[in-house]
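To start, the structure under review is shown below, and the notes come after it.
The values are calculated or read from the model by the stated rules, or taken from the named source; none is laboratory data. Quantities reported herein were computed from a predicted structural model and do not represent experimental measurements. Here the Cβ positions follow ideal geometry from the backbone for every residue, glycine too, while neighbour counts run over all protein chains shown. Protein only, heavy atoms only, side chains kept; ligands, DNA and RNA dropped before computing areas. Shrake-Rupley method; radii C 1.70, N 1.55, O 1.52, S 1.80 Å.
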Amino acid sequence: QVQLVESGGGLVQPGGSLRLSCAASGSTSSIFAMGWYRQAPGKQRELVAIITKSSSAYYPDSVKGRFTISRDNASNTVYLQMNSLKPEDTAVYYCNVRSYYSEYGRDVFNEYWGQGTQVTVPS
């Protein structure tokens, strides 16, 4: 099991910046990817950024160049630096962690979610 604790959301004016953090605890040695998703009212949850244990990162076009994901493997923490925020970035942001381990010759994949943190950018 992996437990996730998020922090860093809030209200920010357009063009401003916020930094989200997500600290993982528990069976962290099995984690191979950490990321962030967001869900705006009435919309589906969407990927914002994901980073592997070797720090390869992926961003959708909607945030590329504005958001940066990073991770500290020593503390099992993933960060999302959000710059040049826009009203359309308003959403609840969720930390996501994916883990893998092999047990008795069986591959076990799990996915864990944080509690969500609200980011609001007024228009």
When only Cα pairs under 8 Å and 6 or more residues apart are kept, what is the percent relative contact order across the chain? 34 percent
Can you give me the distance in nm between label points at Gln115 and Phe32, each placed 7 Å from the Cα along the Cα-to-Cβ direction? 3.0 nm
Report relative contact order for the stretch 33-73 in percent, whole number only (criteria: Cα-Cα under 8 Å, sequence separation at least 6). 34 percent
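Magnitude of the Cβ-charge dipole of the stretch 24-114, K/R +1 and D/E -1, about the Cα centre, nearest 20 debye?
140 debye
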Run the 1.4 Å probe and let me know the accessible area of Glu103, rounded to the nearest 10 Å². 70 Å²
For the stretch 4-56: relative contact order, % (alpha-carbon pairs under 8 angstrom, 6 or more apart): 26 percent
In the stretch 1-48, if every C-alpha pair distance is counted and binned at 5 Å from zero, what percent goes to each bin? 5, 14, 20, 23, 21, 9, 6, 2
Nearby lysines by direct alpha-carbon distance to Lys43 (threshold 21 angstrom, same-chain neighbours under 8 apart not counted): Lys64, Lys86
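Hey, with R₀ at 30 Å, roughly what FRET efficiency would Tyr104 and Lys53 work out to, going by the Cβ-Cβ distance, to 0.05?
0.80
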Which of rounded, prolate or oblate describes the stretch 30-92 when judged by the alpha-carbon gyration tensor and an a/c cut-off of 1.5? prolate
Rg/Rg_ref, the chain, where Rg_ref = 2.2 N^0.38 Å and atoms are Cα: 1.07
